[in-house]
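What follows draws every value from the coordinates through simple rules; no lab data is involved. Nothing here was measured: the structure is a model prediction, and the numbers come from that model. In this analysis, Cβ positions are derived from the backbone assuming ideal geometry, glycine residues included, and neighbour counts consider all displayed protein chains.
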Amino acid sequence: MSFTIHGTGICAGIAIGQAMLHSHTRLEAGHYLVPRSQIAEELARFDAAVAKTRAEFTALRETIPANAPSEFEAFIDVHMMILNDSTLSKVPRAIIEREQCNAEWALKLQADELLAQFDAIEDGYLRERKADVLQVVERLMLALGGQPGYVPDITDAGQSKILVAHDLSPADVLQFKQHQFASFLTELGGTTSHTAVVARSLNLPSIASLHHARSLIYENEMLIVDGTQGVVIIDPDPQVLADYRLRQHQIELERQKLRRLRTTRAMTLDGTGVELHANIELPEDVAEVADAGASGIGLFRTEFLFMNRDTLPNEEEQFAAYRNVVESMQGLPVTIRTYDLGSDKAIDGEQRPVLQNPALGLRAIRLCLTEPRRFQIQLRAILRASHYGKTRLLIPMISAAAEIDQTLHQIEIAKQTLAAKNIAFDPRLEVGGMIEIPAAALALRMFTRKLDFLSIGTNDLIQYTLAIDRTDDAVAHLYDPLHPAVLHLVALVISSANRTGTPVALCGEMAGDVKLSRLLLGLGLRQLSMHPGQILAVKQEILRTNLSSVRLLARRMLRIADPDRMRAMLERLNAD
Ligand code: PEP
Ligand code: MG
């Protein structure tokens, strides 16, 4: 009989296929006493399991496919680190000796203790690392049982298989990628889990937080995954299946059709041009930017160059990366944001105290300014790249006028250093600031006088306005771009910038949400920056928009306080 289960959609779209259950050992272990005479043997068995697991990670690391998402390597490193930590590789040995128990039981006792400690952690990101510890423990359990290292037997998996797992480790995901599953479903995982990161990077409709999925779904059962709604339909009726197949087909057709707009200029029905720029994380993302027909890069999140590595990128490496992007864009503007590290985006291996409120601490420009030497390296690299094409520099998370003064001073020093060495750069490099703190939005004039352009970072603006940790799954339902306070701030920034003639863009996730395109245009925005995959859909919406009618409705939305009326008005705005 057909039924549905609900979770958190982590990648939109529809997938249809047969369930393939990913069985885990979990932490069930037999408990038996080991005679003193055999303790040495038991210890050796445990050590051999650790060595075997370590060898598996090493082998995996060496066989990472070139096209694997960059996170894979870091994920494997994290698991290797967990395995090598004495809490897992040594403490169970002591338990074996003390309790005179079998290795599995010792491992289970230690794992229970470790996992309980994670529940007490407040930081959402760290709490999610509990899943990593669990995955390493499960792998060790398997090694102890003498079974093959990798849990799922997925050799016969094809296009139409849907993986149903408790959780997925990086190692599982590597196999997942090679075997081209149509989707994956997990019982665990929040929005910052590895599962979510990988689902998005592979662009597969997928759902996390499907509690008890593995007990509700049988092997080979037919499933429909609606990643947009976060719904799985199990054993669907023929009619429902036919409907979804049709929808799936329509989505694909729509995607193909959109490609025709690649070279069409983004312009409203009444002839107002709109700049659609792309957000990128790494230089290799540029290929997708060109494919989407973006008219520039509105946000290059350079901090990703600093992650998943042991050493910081030096000036030459950064320069090569920025120049590569600037040259690839062939004269179109490239907005390079100085590194936004800190908070949830830490540099590997850098020891910093665990803070209660990292998002309110030393991140982004605040961090840059406390590390002038490191900052200078990046500023010089950006300036050098500016010689090879239209480059703009964007400062993240500004909140005080002094930050702008100090940054401009730092840029000046970098220019002087380059000039003294006769190294070319664009002397008129434009400098902009990200408006992502309510204070910056409210005191905009403090910044417009000093900056060449602005970019509204709604991801953080919403986080800080509504006091909602954007990485915390537990409060995700309160994260609302249509909250009147958010809309007022966004509208205020756009209108103030337009009044003073300061170019303003919006580069948070709101920019890529087609349901919000007309609203943003109506509020006066003419430049949006988003993931390349969203550009064509937003362009299509702009091409259908009559600016004079949406302007009026958008203004009226600013006067609405009731959420239901707000949504009704948005529907009106998006009608026809
Ligand atoms: C934002 O905050 O909206 C933004 C674009 O920056 P990030 O998502 O990198 O914090
Ligand atoms: Mg931000």
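Sort Arg45, Arg518, Arg380 by Cβ crowding within 10 Å, fewest neighbours at the top.
Arg45, Arg380, Arg518
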Taking θ as phi - 60°, what are the ³J(HN,Hα) couplings along region 491-497 by the Karplus curve (6.51, -1.76, 1.60), each to the nearest whole Hz, with x for Gly and Pro? 4, 4, 5, 4, 5, 5, 5
The computed P(r) of the chain puts the percent of Cα pairs beyond 33 Å at 50 percent
J(HN,Hα) series, region 85-98, from Karplus relation 6.51 cos²θ - 1.76 cosθ + 1.60, nearest Hz, glycine and proline x: 5, 5, 4, 9, 8, 10, 4, x, 4, 4, 5, 4, 5, 5
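Given 0.36 nm per residue, what is the gain on full extension from Val475 to His31 after removing their alpha carbon distance, in nm?
Taking Val475 through His31 to full extension adds about 155.8 nm, to one decimal.
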For region 276-329, the spread of Cα positions along each principal axis, largest first, Å: 35, 19, 15
Between Ala94 and Leu216, what's the calculated FRET efficiency when r is the beta-carbon distance and R0 is 60 Å? Round to 0.05. 0.90
Just flag the chymotrypsin sites (Phe, Trp or Tyr not before Pro) in region 217-305 sitting in loop per DSSP whose Cβ has no more than 16 other Cβ atoms within 10 Å. Tyr218
For region 356-410 and region 439-471, compute the distance between their C-alpha centroids and round to whole Å. 16 Å
Among Met329, Met434, Met566, what is the fewest-to-most ranking by other Cβ atoms within 10 Å? Met566, Met329, Met434
Applying a 10 Å radius around every beta-carbon, put 331-340, 46-55 in order of their mean neighbour count, most first. 331-340, 46-55
Describe numerically, in nm with one decimal, the distance between label points set 7 Å from Cα along Cα→Cβ at Ser160 and at Gln180. 1.4 nm
Taking H placed 1.01 Å from N in the peptide plane, check which residues at least 5 places from Arg392 or on another chain put their amide H under 5 Å from its amide H. Val334, Thr335, Ile336
Stretched fully, the stretch from Gln416 through Glu288 gains (0.36 nm per residue minus C-alpha distance, one decimal, in nm) 42.5 nm
Nearest-0.05 FRET efficiency for Leu360 and Asp85 at R0 = 30 Å, using Cβ-Cβ distance, is 0.50
Amide H within-cut-off set for Leu210, under 5 Å, with H built and near neighbours excluded: Thr8, Thr186, Glu187, Leu188
If Leu461, Leu393 are placed from fewest to most neighbouring beta carbons inside 10 Å, the sequence is Leu393, Leu461
Can you list residues whose amide H is under 5 Å from Ile398's amide H, if they're 5+ apart or on another chain and H is modeled 1.01 Å from N? Met434, Glu436
Rounded to 0.05, the calculated FRET efficiency for the beta carbons of Ala402 and Gln256 at R₀ = 60 Å is 0.70
For region 276-283, what does the Karplus curve 6.51 cos²θ - 1.76 cosθ + 1.60, with θ = phi - 60°, yield as ³J(HN,Hα) per residue in whole Hz, taken in order and with x for Gly and Pro? 10, 9, 10, 9, 10, 10, 9, x
